[in-house]
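The values are calculated or read from the model by the stated rules, or taken from the named source; none is laboratory data. In this text, all values refer to a predicted model and were calculated from it rather than measured experimentally. With ideal geometry, Cβ positions are generated from the backbone for all residues, glycine too; neighbour counts draw on all protein chains shown. The protein model used for the area step is the full one, side chains on, heavy atoms only, and it has no ligands, DNA or RNA in it. Shrake-Rupley method; radii C 1.70, N 1.55, O 1.52, S 1.80 Å.
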Amino acid sequence: MNISLLIDFIKKESKDNSYKTILIMTLISGLANALLLSVINYSTSKIVHGDFKYRFIIIFILIFLIFIIAKNRALKLTAILAETIVFSIRERIVKYLMNTELQQFEELGRAEIYTRLTKDTNEISNSASSIANGFQAGVLVFFAIIYLGFINLTAFVITIVMLILAISNYFMGSNKIQSEIGEAVALETVYFEKINEVTGGFKEIKINQQKKLDLFFDRIQSIAGKLKDKKIITSSQMSFYFVFAQAFFYILLGTMVFVIPVLDQTVLTDVAKITATILFIIMPLGDAVGTFEVLNKATVAVTNLTKLEQRLKEDTFGALEDPKLEGIFSGFEKIKFNDLHFAYRDKVGRDQFGIGPINFEVNKGEIIFIIGGNGSGKSTLIKLLTGLYTPDVGEIFVDDLQVIPDNIQEYRDLFGVIFADFFLFSEMYGIQNLETAKVLKLLKQMHLSEKTGFKDGAFTNTSLSTGQRKRLAMISVILENKSVLIFDEWAADQDPEFRKYFYNELLYDFKKLGKTIIAITHDDHYFNNADRIYKMDYGTFSQYSTDHH
C-alpha cells in the first residue's frame, strides 16, 4: 500500500498546513486515551487496597476532557480539510476539463471523468473521518503497549513480537489488495459507461429488443458480474485480515493468562492489569486494522484523480483562466481554409477515417450549404472549421491573420453553432445584459411562448420535442450575436412551416445583419437560397453545382 502517495497528496493539498494540527490533536487524543487506561488500572489497584482518593476522579475527568476536546478538534479539522481538498481538486479538474481540447475529452470519455469527479472524490471525503479515527486508535495502541512494558517486560516483548507478525502478514497481501481495488474501480468506470448508454439511448433500446438484450446480457450483466466478483475478492481478503487481527488478540489474551505465568511466575500479580490493557485495546486495534481498507481505497482514488488531473493538465491549451478576449478577428471580411487534413487515430496511432484536403473561402455575409451522406465527414468538418479539432495539416486565415494556438479561442469565439447532437443548457450562459423582454419576443417568434417561458435567466420548460428544443437553441444563438452561424441539420426536425421559415426568412434576416451562415442540409428544395454549396463525400470536399440536381 503506497501510503506515501496519500501523505504527499495531503501535504500538497493542505494549503494552511492544518494536517499538522490534526496530527497533534490525534496524538494528544490517543495519548489521553492510553492515560485513561493507566489511571483506571492504578486507581483500581489502590481502591482494592482501601486507598481511595478523590484526586483519582479529578485526574480521570481532566484526562477524559482532554481526550474529548482533542478528538473532537481532530475530527472537525479532518472534515474541513477533506471537504476543502475535494472542493479544490474538483475545481481544478473542472477548470482543466473546460480548457481541454475536444479530441482529448472524447478520448477520455464522459464515464471516466464523471466517475473520477463523483466516486473518487466521495471516497476521499468519506474516508477522512475513518482514517482520523484509525490513526487515533493506532496511537492509543502504541501508548497502551508502552504502558504494558511498564507493567511487565515479558508481556511487552511477546505482544511486540505478535504485533510484528500480524502487521507483516497484512502488508504482504496489501499490494495485491490495492491492485484488486484498482481493477474494481476500472470495471466500475466501464459499468457506469454502459449505464450512460442505457439512459442516453433509452428510446433506441426500447424499440429494438435485440439491442436491449445484447446491451444487458452481453455487456452490462457481464461487467456487473466481474465487478461483483472483484469486490467480493477484495472484501473477503480485508475481512480475513480483520478477523485475523481479532483472533490475534484472543490468542494474545490466552498467552497472557495461560502461558506467561508458567514461564514467568512474577507476572501472576500483574495478570489482571495485563488482561485489562489488552482488552482495552482490542476494539481500537480493530479500528486501526479496518482503516487499512479505507486507506487502500483512498489511495486508489487519489491515484486516479492525480492521473486524470495530470493528463488534463498536459492536454490543456493555454492557461487555466483564459484572458479576456480582445476580438482580434471581429469585423473580418474573409475566412480562408488552406489544405486542411484531419484523421482520427486508434490507440496505437494508426490513421482511421479522415477528411481533406479542405480548400475554400467564406466571405462575410455569405450563405453556404454543405451536403453529404451519413458518415461522409460533415460533423468532423464542422469541428475542424470551428477550431474544435486541430488540423493535422493545413492553415486557417482570418483575413491576413493566421489562426494559431495563441489566438485559437479568439477564433472560436466567432462562431455560434447548433450541432446535430446539440446540448440545451439549463440557463442562458455567456450572454451579457440579457433582456427578458427580448427573450419573450423570440419565444413568440419561434412559436414557443405557449410551451415555455423565461424566468431567472432560464427557460421554464425544456421538456419539449427535438424540433422545439432546437428552436430554443436557436434563440440562444441569436442572443449570443456571433459573426458566423453554423447549423447542423437544424431544419431536419422542424415541421414544414418552420422549415420554410428557416430557409426563406431566418437565414436572410441573419444575412441582412451581416452574419455568415454555414448550414449542413439535405433540403434540396432550398438549394437556390445558398450563395454556394459544397459536398462532403467520404472525407473529400468539393464545390457542388445546383446543375447536378
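Taking H placed 1.01 Å from N in the peptide plane, check which residues at least 5 places from ILE518 or on another chain put their amide H under 5 Å from its amide H.
Amide H neighbours of ILE518: ILE368, LEU485, ILE486, PHE487.
Can you tell me the 0 to 90 degree angle between the C-alpha axis of helix 436-445 and the longest principal axis of the chain, rounded to 10?
It works out to around 50 degrees.
Calculate the tail of P(r) for the range 109-156: the fraction of all Cα-Cα distances greater than 18 Å, expressed in %. Don't jump to the answer; show the numbers that get you there.
Working: 644 of 1128 pairs.
It works out to 57 percent of all Cα pairs.
Could you derive backbone 3J(HN,Hα) for the range 373-387 from the dihedral phi with the Karplus parameters 6.51, -1.76 and 1.60 (θ = phi - 60°), listing whole Hz in sequence and x where the residue is Gly or Pro?
Per residue, the Karplus-derived 3J(HN,Hα) values read x, 5, x, 7, x, 5, 5, 5, 4, 4, 5, 6, 5, 8, x Hz.
With every protein chain left in place and a probe of 1.4 Å, what is the accessible surface of SER545, to the nearest 10 Å²?
40 Å²
Please sort 272-279, 419-426 by packing, taking for each peptide the average over its residues of neighbouring beta carbons within 10 angstrom, highest first.
On the way: 272-279: 18.2, 419-426: 12.6.
Going from most to least packed, we get 272-279, 419-426.
Among DSSP bridges having both ends in the chain, what percentage is antiparallel? Round to the nearest 5.
Around 60 percent antiparallel, to the nearest 5.
With everything on Cα atoms, drop me the angle between helix 3-13 and the longest principal axis of the chain, reported from 0 to 90° to the nearest 10.
Approximately 60 degrees, to the nearest 10.
Which value, in Å² and to the nearest 10, is the accessible area of ARG412 when all protein chains are kept and the probe is 1.4 Å?
50 Å²
Translational diffusion coefficient, Stokes-Einstein: compute it for the range 321-379 using the Kirkwood radius over C-alpha pairs as Rh, at 37 °C and 0.692 mPa s, and state it as an integer in µm² s⁻¹. Intermediate values should be presented prior to the final figure.
Working: Rh = 14.8 Å.
Stokes-Einstein gives a translational diffusion coefficient of 222 µm²/s.
Over the Cα atoms of the range 315-454, what Rg and Dmax result, in angstrom?
18.2, 54
Report D for the range 11-83 in µm² per second (integer): Stokes-Einstein, Kirkwood Rh on Cα pairs, 20 °C, 1.002 mPa s.
On the way: Rh = 13.8 Å.
Estimated via Stokes-Einstein, D reaches 156 µm²/s.
Regarding the range 59-114, what's the average projected area of the Cα-atom convex hull, expressed in nm²? Display every interim value, and only then the final one.
On the way: hull surface 19.2 nm².
Across all orientations, the range 59-114 yields a mean hull projection of 4.8 nm².
Could you bin all the Cα-Cα distances of the range 282-391 into 10 Å bins starting at 0 and give me the percent of pairs in each, rounded to whole numbers?
Spelled out bin by bin, the range 282-391 gives 10, 23, 24, 18, 10, 8, 5, 2, 0 percent.
Taking every pair of alpha-carbon atoms in the range 408-549, what share in percent sits in each 10 Å bin, from 0 to the bin with the longest distance?
So the P(r) values, bin by bin, are 10, 39, 36, 12, 3, 0.
For the range 396-471, just run the numbers: alpha carbon Rg, then divide by 2.2 N^0.38 Å, N being how many residues it has. Mind dumping the intermediate values first?
On the way: Rg = 16.2 Å, N = 76, 2.2 N^0.38 = 11.4 Å.
Relative to the 2.2 N^0.38 Å estimate, the range 396-471 comes out at 1.42.
Given an 8 Å cut-off on Cα distances and at least 6 residues of separation, report the relative contact order of the chain as a percent.
15 percent
Given the Cα atoms of the range 469-548, and with Rh set as the inverse mean 1/r over their pairs in the Kirkwood sense, what is Rg to Rh to two decimals? Walk me through the intermediate numbers first.
Working: Rg = 13.1 Å, Rh = 13.6 Å.
Reported Rg/Rh (Cα atoms, Kirkwood Rh): 0.96.
Going Cα to Cα from LYS228, which lysines come in below 21 Å? Please leave out same-chain ones fewer than 8 positions away.
Candidates past the 8-residue exclusion: LYS119, LYS176, LYS194, LYS297.
Can you show me the helix-derived [θ] at 222 nm for the chain, built from DSSP H runs with n ≥ 4 at -39,500 (n - 2.57) apiece and divided by the number of residues, rounded to the nearest 500. Show your work: numbers first, answer last.
Values: 18 runs with 323 residues, N = 549.
Here the helix-only value at 222 nm equals -20000 deg cm²/dmol.
Restricting to Cα atoms and excluding each atom paired with itself, what does the Kirkwood estimate give for the range 353-412 in Å?
Details: mean 1/r = 0.0775 Å⁻¹.
Kirkwood radius, the range 353-412: 12.9 Å.
Checking a compactness column here: for the range 57-180, what do you get for Rg(Cα) / (2.2 N^0.38 Å), N being the number of residues? All intermediate terms of the calculation are to be shown ahead of the outcome.
On the way: Rg = 21.9 Å, N = 124, 2.2 N^0.38 = 13.7 Å.
Expressed relative to 2.2 N^0.38 Å, the Cα Rg reads 1.60.
Could you pull out every residue, at least 5 positions away or on a different chain, whose amide H is within less than 5 Å of the one on MET536? Hs are placed 1.01 Å off N in the peptide plane, and Pro or chain starts have none.
ILE371, GLY372
Starting from the Kirkwood radius over alpha-carbon pairs of the chain, derive D by Stokes-Einstein at 4 °C in a medium of 1.567 mPa s and give it in µm² s⁻¹. List each step's numbers first, then the result.
Values: Rh = 29.3 Å.
Translational diffusion coefficient: 44 µm²/s.
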